[in-house]
Amino acid sequence: MNFVNLFKSLGDETRLRLLNLFLQSGKKICVCEMVDALQLPQYQVSRHLTILRNLDLVKTTRQGTWIYYEANWEASECVRDLFEIIKKHFKNKYSDDIKNLNARLELRNGDYCVIGYSMFERKNK
């Protein structure tokens, strides 16, 4: 693990917000759910997820047409320790993100996203 790149990646607030979503929820989350939770454009969320994935901080699984992301607890001990710090100290910092995510997760069918981006936006306007 390149620790300089690791700490550079964590120096970006959007990436911290994304990691916080994974760590606080403990769930696999699709991109459209993250977009709605963070209220950021899809391309921006995807760009940050690519960085987190390249550093092995998150891992993915595919379910149909959806790709789900989650924190990679199988990463190095250093990464797991950082996850614990983020989970503990950011619990209340980004509470609106968690609130938005929880509202979005309520729209799942079982444990999976089925609506994409636009239906959530229409439902909440």
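Read-outs: derived from the displayed coordinates by stated rules, not from any lab. The shown structure was predicted, so the numbers you read here are calculated from the model rather than taken from an experiment. When we count neighbours, we look across all protein chains shown, and the Cβ atoms used for this are built from the backbone with ideal geometry, even at glycine.
Per the conditions (1) among the aromatic types (F, W, Y); (2) under 24 Å from N92 (Cα atoms); (3) surrounded by fewer than 19 Cβ atoms within 10 Å (Cβ to Cβ), the sole criterion not satisfied by F22 is (3). From the list K59, K8, the lone residue that is of a type outside the set (A, V, I, L, M, F, W, C) and buried (at least 16 other Cβ atoms within 10 Å of the Cβ) is K59.
So in the range 43-84, with the set limited to residues that are β-branched (V, I, T) and touching a strand residue (DSSP E or B) at 6+ places or on another chain (Cβ under 8 Å), which one is nearest to G116 (Cα to Cα)?
Of all residues in the range 43-84, those β-branched (V, I, T) come to 45, 50-51, 58, 60-61, 65, 67, 79.
Now drop any that are not touching a strand residue (DSSP E or B) at 6+ places or on another chain (Cβ under 8 Å), which leaves 58, 60-61, 67.
Numbers: V58: 21, T60: 17, T61: 17, I67: 12 Å.
Only one residue tops the list, namely I67.
You will find that of I98, I86, the residue that is among the β-branched types (V, I, T), under 21 Å from D36 (Cα atoms), in a helix (DSSP H, G or I) and in contact (Cβ under 8 Å) with a residue 60 or more places away in the chain is I98 and no other.
Note down all Cβ pairs under 7 Å where the first residue falls in the range 36-59 and is over 22 Å from D96 (Cα atoms), the second is assigned to a loop (DSSP other than H, G, I, E, B), and they're at least six residues apart or on different chains. Between residues of the range 36-59 that are over 22 Å from D96 (Cα atoms) and residues that are assigned to a loop (DSSP other than H, G, I, E, B), the close pairs are D56/N72; D56/A75; L57/N72; L57/A75; K59/N72. Against the conditions (1) without any contact (Cβ under 8 Å) to a residue 60 or more places away in the chain; (2) buried (at least 16 other Cβ atoms within 10 Å of the Cβ); (3) more than 19 Å from L16 (Cβ to Cβ), C113 satisfies every one except (1).
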